[in-house]
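**Student:** The structure's right below; bear with me while I get my questions together.
The values are calculated or read from the model by the stated rules, or taken from the named source; none is laboratory data. Keep in mind the model is a prediction, meaning the values are calculated, not measured. Backbone-built Cβ (ideal geometry, glycine too); neighbour counts: all protein chains shown. Ligands, DNA and RNA are excluded from the accessible area calculation, which covers all protein heavy atoms including side chains. Shrake-Rupley method; radii C 1.70, N 1.55, O 1.52, S 1.80 Å.
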Amino acid sequence: MAKPRVALFITCLADQFFPQVGESVVKILRRLDVDVTFNPAQTCCGQPAFNTGFRDEARSVARRVLDLFEDADYVVAPSGSCSAMVRVFYSELFEDDPDLLRKCRELQKRFFEFSEFLVRVLKVEDLGARFAHRVTYHDSCHLLRELGVDDAPRKLLRNVQGIDLVEMQDYKLCCGFGGTFSVKFPEVSVPMGQDKIHAATETGAEYLVAADGGCLMHLAGLIHRQGVALKTIHLAEILAQR
Amino acid sequence: MSDTGIHSDEIHQIGGETIANPRLAEAYRSSTIRLYTHRLNSVSGFAGFERLREAGREAKRQVIENLDYYLGQFADNVERNGGKVHWADTAEEVCRIVVDIVRRATAKEVVKAKTMVAEEVELNRALEGAGIRPVETDLGEFIIQLAGERPAHIVGPAIHKTRDDVSDLFVKHINAERTNVPEELTAIARRALREMFQKAGVGLSGANFAVAETGTVVTVENEGNIRMCTTIPRVHIALVGIEKLIPRLADLGVFIRLLGRSGTGQKLTTYTSLLTGPRRPGEDGPEEMHVVMVDNGRIKSLADPKMREMLYCIRCGACLNACPVYRKIGGHAYGWVYSGPIGALVTPEFVGIGQARELPFASSLCGACREVCPVKINIPDMLLHLRSEAQQHAPKPTEALLPERPAFRLWAWVMRHPALYRLGAKFARWGQFPLARKGWIRKIPTYPVSNWTKERDFPALAPESFRERWKKL
Ligand code: SF4
């Protein structure tokens, strides 16, 4: 079989705030003998505007995404939320334009969240990673409920050497990030985040791991402000450790 | 005095007060988690539940897509059974129809079962205005009537009251002895209500389901008070939202199982009453049965393919219990009678987006509501739709330099031009220099990020973006 060609959709958040996540993804995919490309014309998927109710603005950004990845076998993003935007919500953005909708459907078939891509497409569960810490996995709501992915990250984590993976109480509960919700309803977003952090520390975990930059940014920001003894890390960063 | 009007624009304030009030916050937290857990336990061991959900959804789809047909069939059957059907387009019409019926029955009191439609049309206020005393016979409704409040939850109106709160109300309003034993509190309410069932000339109820095929009004309850309201007084009035129809009697088996499990985690609620017309010779029951079919904004939603599905709702309350936002801000924050995820859809639809523009934004879009909804309503998707409606028809005056729409126009323009995006990132890296300490920013003074940094630190932009590092990878 020829090397699968994967175009990265790195997401604006990882590009600007968490480049180490993107680097980890590249490292892992290359180890798996995948041909990785990065098109620097990419920016954002359009989700912030879409979730705030500005569909025209979101569409104008999303249209570019339809064009950028035409020749890749697969497009992979290290974010459940951005992947859900493309895979689920793009259909709504382009529902009135048959040509764009066709293009959108075509892209959706090739677009995967990172852990989902590893487990469901490449069928790898053991990356030979090593991370000797107790961790707890936080399901980002979009990855969990829009894309229905809850097994892939856990399978990958369970195969990490030395890891102690523990579940939080009510592990499916939202962390309160919610995109612009985090600044529109900070009075709710913050206590929701506190509940999540509490649930994580209760497990005795050193790290809270997630597959979404948004949740991590929100939780890490709270943890840092409050000086809680808990670290946050992106799934890809753990999987890249040797 | 009871709470009236629409306060949905006060969601931040009322919600914030609930979060800051330990007793209230704990009452919401523990009751929602209790109901959520009961539901989970009752459905997780039940293999056929997914099939039931599909069947329920399909039956509702059938009704809503052919509502005129089923409404006609239902109304014909009610009349054939000897009942009288009234059609009400607006809240005022509902109130007028009910007041007229009560007056004609020369009744001074109306015993009421729990009905959200009566709350929606503010029936109590209309009755009181006409010199008629509404008596709430549902324990939760009785409690909030004493407190002068609106329902805090569509299934458990007094879910936010602790036993001590209830005792306080009973001591103050009905001269009861202080107690916080649940059975004693229930007994106090029972005593206060019992004579009313005998005295009242009219009993008023809602309907959980209305069976088109037979003209039957179905009510579901645990306390037995609905059964008394609908059978003891001489006249029974049922308020029925037009979306309450189900096609056949055979569908009822699907819905009562869905409702009991989803709402309270019961396989079946204690009482299920099927009311098919007034009494017949030799039977018990009311002499007159009036069915008031209520539109009050529902037909508008029916006409909107993006929102139509909202009418599948069977008001089980599961989405409220599952919602992490409702659990925090409570029911009153939604500012009208319906709360939680379904309230954030129903309220803007019924009262207009202009008066409820904040509600669709009061969600992290986590989807927990859709996960538990017995008829699988895609609530997050409809919230997103309403967000775009809000931005188009009711833009919010802004605290920021730039109102949201121009801000997002600018954002989209930048995101469409990678060169501008790179340039913007470069400027931001310079701009953050005086603010960032060890990768974190403690305070950003400009709205909306200022809302972030009130209680959270904000990550500084990485020294090098991924796209810069990519060149070296
Ligand atoms: S929207 Fe669904 S979960 Fe919420 S009350 Fe209605 S039927 Fe129940």
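**Student:** Name the helices (runs of 4 or more DSSP H) wholly within segment B:1-73 that hold at least 1 residues that are more than 26 Å from B:Met310 (Cα to Cα) and either more than 14 Å from chain A (Cβ to nearest Cβ) or open to solvent by 60 Å² or more (accessible area, probe 1.4 Å) (or both)?
**Tutor:** The helices (runs of 4 or more DSSP H) meeting that bar are B:11-20, B:22-44.
**Student:** Return the residue satisfying two criteria in turn: it lies in segment A:179-195 and is open to solvent by 10 Å² or more (accessible area, probe 1.4 Å) and in contact (Cβ under 8 Å) with a residue 12 or more places away in the chain, and of such residues it is nearest to B:Ile19 (Cα to Cα).
**Tutor:** That would be A:Pro191.
**Student:** Which of the numbered conditions does B:Arg279 fail, given that it passes all the others? Conditions: (1) in a loop (DSSP other than H, G, I, E, B); (2) of a type in the set (Lys, Arg); (3) within 16 Å of the ligand (Cβ to nearest atom).
**Tutor:** (3)
**Student:** Sticking with this one: Contact list please: Cβ distance under 6 Å, first residue in segment B:336-352 and under 14 Å from B:Arg298 (Cβ atoms), second residue more than 10 Å from the ligand (Cβ to nearest atom) and of a type in the set (Val, Ile, Thr), pairs at least six apart or on different chains.
**Tutor:** Note: pairs meeting the criteria are B:Tyr338/B:Thr347; B:Val351/B:Ile6.
**Student:** Additional query: Give A:Leu143, A:Leu165, A:Leu235 a once-over and let me know the one that is open to solvent by 20 Å² or more (accessible area, probe 1.4 Å) and more than 9 Å from chain B (Cβ to nearest Cβ).
**Tutor:** A:Leu165
**Student:** From the list A:Arg87, A:Arg102, which residue is at pLDDT 95 or above, within 20 Å of the chain's Cα centre (by Cα) and under 23 Å from A:Leu8 (Cα atoms)?
**Tutor:** A:Arg87
The rows are residues; the columns are (1) without any contact (Cβ under 8 Å) to a residue 24 or more places away in the chain; (2) more than 25 Å from B:Thr106 (Cα to Cα); (3) open to solvent by less than 10 Å² (accessible area, probe 1.4 Å).
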{"residue": "B:Lys199", "(1), (2), (3)": "no, no, no"}
{"residue": "B:Ala207", "(1), (2), (3)": "no, no, no"}
{"residue": "B:Val218", "(1), (2), (3)": "no, yes, yes"}
{"residue": "B:Asn222", "(1), (2), (3)": "no, yes, no"}
{"residue": "B:Met228", "(1), (2), (3)": "no, no, no"}
{"residue": "B:Thr231", "(1), (2), (3)": "no, no, no"}
{"residue": "B:Arg234", "(1), (2), (3)": "no, no, no"}
{"residue": "B:Leu239", "(1), (2), (3)": "no, no, yes"}
{"residue": "B:Glu243", "(1), (2), (3)": "no, yes, yes"}
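**Student:** Still on this structure, please answer the following. Looking at (1) part of a loop (DSSP other than H, G, I, E, B); (2) within 11 Å of chain A (Cβ to nearest Cβ), find the lone condition where B:Lys376 falls short.
**Tutor:** It is condition (2) that B:Lys376 fails.
**Student:** Looking for something at the interface with chain A (Cβ under 7 Å from one of its Cβ atoms), within 23 Å of A:Ser24 (Cβ to Cβ) and not hydroxyl-bearing (Ser, Thr, Tyr) - is there at least one such residue anywhere in segment B:445-453?
**Tutor:** Looking through segment B:445-453, none of the residues is at the interface with chain A (Cβ under 7 Å from one of its Cβ atoms), within 23 Å of A:Ser24 (Cβ to Cβ) and not hydroxyl-bearing (Ser, Thr, Tyr).
**Student:** Further question on the same structure: Only one of (1) within 14 Å of the ligand (Cβ to nearest atom); (2) surrounded by 20 or more Cβ atoms within 10 Å (Cβ to Cβ) fails for B:Glu371. Which number is that?
**Tutor:** (2)
**Student:** Please list, ordered by first then second residue, the pairs with beta carbon atoms under 9 Å, 6 or more apart or interchain, first in segment A:204-232 and on the phi > 0 side of the Ramachandran plot, second open to solvent by less than 40 Å² (accessible area, probe 1.4 Å) and hydrophobic (A, V, I, L, M, F, W, C).
**Tutor:** A:Gly204/A:Val166
**Student:** Sticking with this one: Only one of (1) more than 10 Å from the ligand (Cβ to nearest atom); (2) within 14 Å of chain A (Cβ to nearest Cβ); (3) crowded, with 22+ Cβ neighbours inside 10 Å; (4) of a type outside the set (Lys, Arg) is not met by B:Pro395, so which one is it?
**Tutor:** Of (1) more than 10 Å from the ligand (Cβ to nearest atom); (2) within 14 Å of chain A (Cβ to nearest Cβ); (3) crowded, with 22+ Cβ neighbours inside 10 Å; (4) of a type outside the set (Lys, Arg), only one is false for B:Pro395: (3).
To keep it simple, each residue is scored yes or no on (1) in contact with a Cys (Cβ under 9 Å, 6 or more places away or on another chain); (2) farther than 27 Å from A:Pro48 by Cβ.
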residue: A:Ala205; (1), (2): no, yes
residue: A:Asp212; (1), (2): yes, no
residue: A:Thr232; (1), (2): yes, no
residue: A:Glu237; (1), (2): no, no
